[in-house]
1. Can you compute the modelled spin-label distance between Asn46 and Lys257, with each label point 7 Å from Cα toward Cβ, in nm?
2. Filter Lys97/Lys119; Lys45/Lys257; Lys85/Lys384 down to the pairs with a C-alpha to C-alpha distance above 22 Å, please.
3. Going by amide H atoms built from the backbone, whose H comes under 5 Å of the H on Ile335, apart from near neighbours?
4. HN-Hα J couplings of the range 412-424 from phi, Karplus 6.51/-1.76/1.60, θ = phi - 60°, integer Hz, Gly and Pro as x?
5. Non-local amide H neighbours of Gln184 (under 5 Å, H modeled in plane, Pro and chain starts lacking H): which ones?
6. Which ³J(HN,Hα) values in Hz, rounded to whole numbers, follow from the phi angles of the range 139-155 under the Karplus curve 6.51 cos²θ - 1.76 cosθ + 1.60, where θ = phi - 60° and Gly and Pro get x?
7. Sum up the charges of everything whose Cβ sits under 13 Å from the Cβ of Asp450, counting Lys and Arg as +1 and Asp and Glu as -1, but leave Asp450 out.
8. Would you grab the residues whose amide H sits under 5 Å from the one on Glu539? Only those 5+ places off in sequence or on another chain, please, with H modelled 1.01 Å from N.
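Each value in this text was obtained by applying a stated rule to the coordinates, not by laboratory testing. What you are looking at is a predicted structure, and each value in this text was computed from that prediction instead of being measured. Because the Cβ atoms are built from the backbone with ideal geometry, glycine has one as well, and the counts that use them run over all protein chains shown.
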Amino acid sequence: MKSFLKYVLATIVGMIIVSIIFLFTTVSTIIGFAGAQSSKTTVDKNSILVINLTGSIDERTEDNPLATFLAGSIAESQSLEDILKAISHAKDDDNIKGIYIEAGTLVGAAPATLQEIRKALIDFKKSKKFIVSYGDMYTQGAYYLCSVSDSLIVNPQGVIDWHGISMQTTYYKDLLDKIGVGMQVFKVGTYKSAVEPYLLNEMSEANREQLTLVSSELWTEMTGEVSASRKISIEKLNQLADNFMAFVQPANYKTEKLADKLAYSDEVPQIICNMTKDFDEPSDYKTISVSDLASISSSKPKGTSGNMIAVYYAYGDIVQESSHSVPGYNNEHEIIGKNTVKDLKELTDDENIKAVVIRVNSGGGSAYASEQIWHAIRQLKTEKPVIVSMGDYAASGGYYISCAADWIVAEPTTITGSIGIFGLFPQATELMNKKLGIHVSTVKTNAHSDLGQTMSRAFTAEESAIVQEYVNNGYELFTARCAFSRGKSVDDIKKIAEGRIWTGKHALQLGLIDQLGTLYDAVKVAKRRADIDEYSIKEYPAKSNFIDDLLSEDKEGSYADVKLKTSLGEYYEMFRQVQSISKKSGIQASLPYNITFNF
């Protein structure tokens, strides 16, 4: 028996030692990998910036070499922040001679993100350096970007997808009916369509009206820009879209002026050489990635004045508490109310920060958290200028927090507005009682002691009236905040509210924003309003340390989440919608996230 125990103990100790060695080796490898990824500090002469349009583009990504280490670059989401930094640096760096864009299956990038990158590329061309793009397959979003290229090349057997824009909404009412779950909905706003999927099986006329207008305005913006770059009339572009160009013979792409050349990938390096006199053959130039160049740009010496403009990134669902602690819930990123309020207070108190640009990319979320952030921004602007730069979305709660700023800048294709509020409370009486055989008995001291505490019963008429009144009051507060912040009457705001979404271009006409432009345009406004000549830009919140987050399963950008997003593509948002039903219970100022852009 002693020998048996001795061998068991030895085996256990051995397993522990092996596990420790394995963990140490793995972590060391990853640390080394991470170090190698960021070790480049200079740009070689005769370099070309390579932008790979594959996967998704997010507002900002955490440093996470683990995803790359485990899954390769195909599973790695790209950062809009890094892409813009890299392009800006490439414009001014004499060692960089041009940009090569490798088009691919770009998914999950909304119109405003693409438009901001496209504007950066157009600005880059002022340097008189070249842009060459090549693709075996151009998704429509990738083509929209690459249409600025001096030479747009497609594989002789490749595809250019050009088909127009559609917006789809998925409905769950029949599914919920089948499983015995009902949604008790309270809302204000004819166009507040976030609750429709739980009540209807098809799009309401009001929702169809707003989505038709938005998709038309987005397509008009897109075709106008492509027309100017490719010298193809808008009428012709619409005709080509109606022919669904993904299914035509590739030779037609050149005939119709969608492409400049048909060539195989191994021919592209020499074509790049032909674009400049700086080198004669491919061996004469080197390439540099977006992440490396962005890192170099970030490490450049800052201004000596001590003045700083803070760029604060607020993107994702607006929540009061993080939902990353919820088992199985792996949301991308969140604007956590209490954390954001704390951050803004620190920016308020920092005397070196002369102005703050808040980059908002959010379809909203918690009405309570939105109100707290609105108040914090109001406090911040008593000390220094506050400018909002809107990304893909700044709608509902995203607009709530934005309207508090001194000045609002948005892309023409930003989705904004959606000034409305709703309450969503699931009840599963039929599922529990009839399908699962579960019954709940309650003892309570007062009439409404269990209101909102259980899904085992529906609200009474009196309780429904109480909740609806609460939602009505929330809407009155929301519209009052917008009116006060934008210098309008409440009645004027209500005429364009009702939960209706608008494009940034339309929002400018309605007075919901002040200027069309990019994040850099917002920084220029901040500089002017702060009345400073020299300044440095500092991004907030600081990115978390990779090693600290290594063992966190629910961390944004985890391998599983990134892989899932890559695999599901455009269906990822649908997955998130179903996954987040329970989290969205309660009072929300939220955009309908289940709108899918076929862009």
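1. 3.6 nm
2. With Cα atoms farther than 22 Å apart: Lys45/Lys257; Lys85/Lys384.
3. HN-HN under 5 Å from Ile335: Asp317, Ile318, Val319.
4. x, 9, 4, 9, 9, x, 6, 6, x, 8, 8, x, 10
5. Phe425, Gln427
6. 5, 4, x, 5, 5, 4, 5, 6, 5, 7, 5, 6, 9, 10, 10, 10, 4
7. +1
8. Here the answer is Val311, since their amide H atoms fall under 5 Å of that of Glu539.
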